[in-house]
Amino acid sequence: MKLCSVNIGKKIEKPWREGTLTAIHKAAVDGCCSVTELGLDGDQQADLKHHGGVDKAVLVLPANAYQRFEVAQPFGFLGENLSIEGIDEDEICLGDRLQIGMTLLEVTQPRSPCWKLDAQVTTDTKRKRGAFLKAYSQSGRVGFYCRVLAGGNVEAGQSVIWLTRAENDHKQIAKIAIRDLFLAKQYRKDEAAWKTLESAVKHPALSQAWREELKLIIERRNR
């Protein structure tokens, strides 16, 4: 696994919905970038309710997402902080860890793609509004957020070491792939999906935001 690109972005106003402040369009960093518990040095978030914070400090996206979704743009265009080669949402699980040099990240939740991502792609690639977001969400290959367990410096070209939950002495914790978790929450179409959500709520690595949201979803179903 290799770190292909390290990306940060500043808040700017886009013309969407008569003016929207966003930092979704990120650009590659030339050289090293410091990572702390709140994310990458110099990176910003416009909507702190849904982005950033300790549980969502770093957004990771498999590098092959650009080819998969036919987005002919440089890394960072889809809003990710780290573009990583050799990783897949079918395999990476909640609570897995990524070691990049001295930096240690822990997977906390799938990305929750919103209308701003669709606006970003639609505006720059001339696609029909909503088409990208639908395909992106239905695939379940949405990337994932991480918390920072140990800070350090990261730089494009570094190797990424993938540490599974089993390798961290958490063999009793449910193994929940990021893609399965996202699709279960998004569509909840069968009993297997509900079991995934129930297991995720109990998982120690799950972000607090998703834990609270999943609890409400499960409570509504059980009424």
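Tabulated data for the structure shown
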{"item": "Residue match in the stretch 144-152 (condition: within 24 Å of L206 (Cα to Cα), of a type in the set (D, E, K, R) and under 17 Å from the mean Cα position of the chain (by Cα))", "result": "yes"}
{"item": "Restricting the stretch 28-62 to residues that are crowded, with 18+ Cβ neighbours inside 10 Å and among the charged types (D, E, K, R), the residue that is nearest to G140 (Cα to Cα)", "result": "K56"}
{"item": "Filter result for G157 (surrounded by fewer than 19 Cβ atoms within 10 Å (Cβ to Cβ), touching a residue at least 12 places away in the same chain (Cβ under 8 Å) and touching a Leu at 6+ places or on another chain (Cβ under 8 Å))", "result": "yes"}
{"item": "Set L117, L98, L104: member being outside any loop (DSSP other than H, G, I, E, B), surrounded by fewer than 20 Cβ atoms within 10 Å (Cβ to Cβ) and over 12 Å from the mean Cα position of the chain (by Cα)", "result": "L104"}
{"item": "Residue in the stretch 123-141 that is touching a residue at least 12 places away in the same chain (Cβ under 8 Å), surrounded by fewer than 22 Cβ atoms within 10 Å (Cβ to Cβ), closer than 19 Å to A23 by Cβ and not acidic (D, E) present", "result": "yes"}
{"item": "Counted residues, the stretch 162-198 - those being in a helix (DSSP H, G or I) and either under 12 Å from I217 (Cα atoms) or modelled with pLDDT of 85 or more (or both)", "result": "18"}
{"item": "Set A209, A200, A193, A150: member being surrounded by fewer than 21 Cβ atoms within 10 Å (Cβ to Cβ) and in contact (Cβ under 8 Å) with a residue 60 or more places away in the chain", "result": "A209"}
{"item": "Subset tally (residues that are in contact with a Leu (Cβ under 9 Å, 6 or more places away or on another chain), crowded, with 18+ Cβ neighbours inside 10 Å and in a loop (DSSP other than H, G, I, E, B)) for the stretch 64-88", "result": "7"}
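The values are calculated or read from the model by the stated rules, or taken from the named source; none is laboratory data. Source: prediction; values computed, not measured. Don't worry about glycine lacking a Cβ; one is built from the backbone with ideal geometry, like all the others, and counts go over all protein chains shown.
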